[in-house]
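Engineer: Mind looking over this structure? Questions follow.
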Amino acid sequence: MPTPPILISPSVLDSDLSRLASEVERIASADLVHLDIMDNHFVPNLTFGLPVVESLLEHTSMRADVHLMIEDPDTWAPAYAEAGAASVTFHAEASRAPVKLARELRAKGARAAVALRPATAVEPFLDLLPELDMVLVMTVEPGFGGQSFIDGVLPKIERTRAAIDALGADIWIQVDGGVSRATVGRAARAGANVFVAGSAVYRAEDPAAEIVALRDLATASWAE
């Protein structure tokens, strides 16, 4: 199997949201920008929604990696693909018809991804992998930045990577939560190749240098 791309997708959750376009410019060396959409129902936090994403995408050339932590992704997710998001992730626990939704996202030009909370098993979705472009394995409980990485999720990442490799498919595995220089290597060795880092990047003195460091550590861990 060819090595998947090692990608860093900083979350703007820890940025100054009053200056969102400028904050995205600070991470221009990243591969994607991770946009956390929370509705205060699926998770106990509220961020921003479709109008903000539409406006941001008019002012940046970065590829948007949209993560929907909302109750009704079946209704709302396609609009983010229409807005120009490169990737749209919906939660397995929230979608009523995940295959239908994934197909609709792909038809609208976005990569389709499913997210799993730490305690959600991946096995029910392994047969559906051909319908997906990415699996997001949450390494914290969704809702807030700055949480500690849950190492107990690493075996789930390993099982997901094994299933993808068995298919010979080009499907990415993303991790989100507690990703830092201290944890990115463990996640990469388990099989993740897309890394969401919020506080690690935006609280660094030099976000661009932090992105390079995380990418280099993940790449080196893949080579081990």
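Engineer: I need every pair where a residue in the range 195-211 that is free of Cβ contacts under 8 Å to residues at least 60 places away in the same chain has its Cβ under 7 Å from the Cβ of a residue that is in a helix (DSSP H, G or I) and acidic (Asp, Glu), sequence separation at least 6 or different chains.
Structural biologist: If the second residue must be in a helix (DSSP H, G or I) and acidic (Asp, Glu), the pairs left are 200/210; 204/210.
Engineer: Next question. Can you pull out every residue in the range 144-164 that is surrounded by fewer than 20 Cβ atoms within 10 Å (Cβ to Cβ) and assigned to a loop (DSSP other than H, G, I, E, B)?
Structural biologist: 144, 146, 147, 148, 149, 150 - these are the residues of the range 144-164 that are surrounded by fewer than 20 Cβ atoms within 10 Å (Cβ to Cβ) and assigned to a loop (DSSP other than H, G, I, E, B).
Engineer: Would you check which residues across the range 18-54 are in a helix (DSSP H, G or I) and in contact (Cβ under 8 Å) with a residue 24 or more places away in the chain and list them? First the steps, then the outcome.
Structural biologist: Step one: filter the range 18-54 for residues in a helix (DSSP H, G or I), giving 18-25, 50-54.
Result: 20, 21, 23, 24, 25, 50, 52, 53, 54.
Engineer: Read through the list (1) in a loop (DSSP other than H, G, I, E, B); (2) buried (at least 17 other Cβ atoms within 10 Å of the Cβ), then give the number of the only condition that residue 59 fails.
Structural biologist: (2)
Engineer: Report every pair of residues separated by at least 6 positions or lying on different chains whose Cβ atoms are under 7 Å apart, first residue within the range 110-129 and among the basic types (Lys, Arg), second at pLDDT below 95 and part of a loop (DSSP other than H, G, I, E, B).
Structural biologist: Listed by first residue and then by second, the contacts come to 117/141; 117/142.
Engineer: Would you pick out the residues in the range 182-224 that are in a helix (DSSP H, G or I) and of a type in the set (Ser, Thr, Tyr)?
Structural biologist: Let us first name the residues in the range 182-224 that are in a helix (DSSP H, G or I), namely 184-190, 199-202, 207-222.
199, 202, 219, 221, listed by residue number.
Engineer: Find the residue count for the range 71-87, including only residues that are outside any helix (DSSP H, G or I), over 16 Å from residue 51 (Cβ atoms) and touching a strand residue (DSSP E or B) at 6+ places or on another chain (Cβ under 7 Å). Give the derivation first.
Structural biologist: Looking only at the range 71-87, we keep the residues that are outside any helix (DSSP H, G or I), and these are 71-72, 84-87.
Checking the rest, the ones that are also over 16 Å from residue 51 (Cβ atoms) come to 71-72, 86-87.
With touching a strand residue (DSSP E or B) at 6+ places or on another chain (Cβ under 7 Å) added as a condition, the list becomes 71, 86-87.
Qualifying residue count, the range 71-87: 3.
Engineer: Residues to consider are 112, 28, 102, 83; find the one that is closer than 24 Å to residue 7 by Cβ, touching an Asp or Glu at 6+ places or on another chain (Cβ under 9 Å), aliphatic (A, V, I, L, M) and surrounded by fewer than 21 Cβ atoms within 10 Å (Cβ to Cβ). Working first, answer last.
Structural biologist: Working: 112 fails: surrounded by fewer than 21 Cβ atoms within 10 Å (Cβ to Cβ); 28 fails: touching an Asp or Glu at 6+ places or on another chain (Cβ under 9 Å); 102 fails: surrounded by fewer than 21 Cβ atoms within 10 Å (Cβ to Cβ).
None of the others qualify; the one that does is 83.
Engineer: Need the failing condition index for residue 141 against (1) assigned to a helix (DSSP H, G or I); (2) out of contact with any helix residue (DSSP H, G or I) (no Cβ under 8 Å at 6 or more places or on another chain); (3) surrounded by fewer than 23 Cβ atoms within 10 Å (Cβ to Cβ), just the number.
Structural biologist: So residue 141 meets the others, but not (1).
Engineer: Residue 218 - would you say it is surrounded by 19 or more Cβ atoms within 10 Å (Cβ to Cβ) and within 15 Å of the chain's Cα centre (by Cα)? Break it down stepwise before answering.
Structural biologist: Values: surrounded by 19 or more Cβ atoms within 10 Å (Cβ to Cβ): yes; within 15 Å of the chain's Cα centre (by Cα): no.
Answer is no for this residue.
Engineer: Which one is nearest to residue 37 (Cα to Cα) among residues in the range 165-182 that are surrounded by 23 or more Cβ atoms within 10 Å (Cβ to Cβ) and at pLDDT 95 or above? Let's see the steps before the verdict.
Structural biologist: Residues of the range 165-182 that are surrounded by 23 or more Cβ atoms within 10 Å (Cβ to Cβ), as a first pass: 173-179.
If we keep only those that are at pLDDT 95 or above too, we end up with 173-176, 179.
Working: 173: 20, 174: 17, 175: 16, 176: 14, 179: 19 Å.
Only one residue tops the list, namely 176.
Engineer: Which residue pairs have Cβ atoms under 7 Å apart, sit 6 or more places apart or on different chains, and have a first residue in the range 136-155 that is in contact (Cβ under 8 Å) with a residue 40 or more places away in the chain and a second that is of a type in the set (Asp, Glu)?
Structural biologist: 136/176; 139/176; 145/14
Engineer: In the range 118-138, which residues are surrounded by fewer than 19 Cβ atoms within 10 Å (Cβ to Cβ) and either small (Gly, Ala, Ser) or closer than 23 Å to residue 11 by Cα (or both)?
Structural biologist: 118, 119, 120, 121
The values are calculated or read from the model by the stated rules, or taken from the named source; none is laboratory data. Worth saying up front: this structure is predicted, and the values here are computed from it rather than measured. Neighbour counts are summed over all protein chains in view; Cβ atoms, including those assigned to glycine, are modelled from backbone coordinates with ideal geometry.
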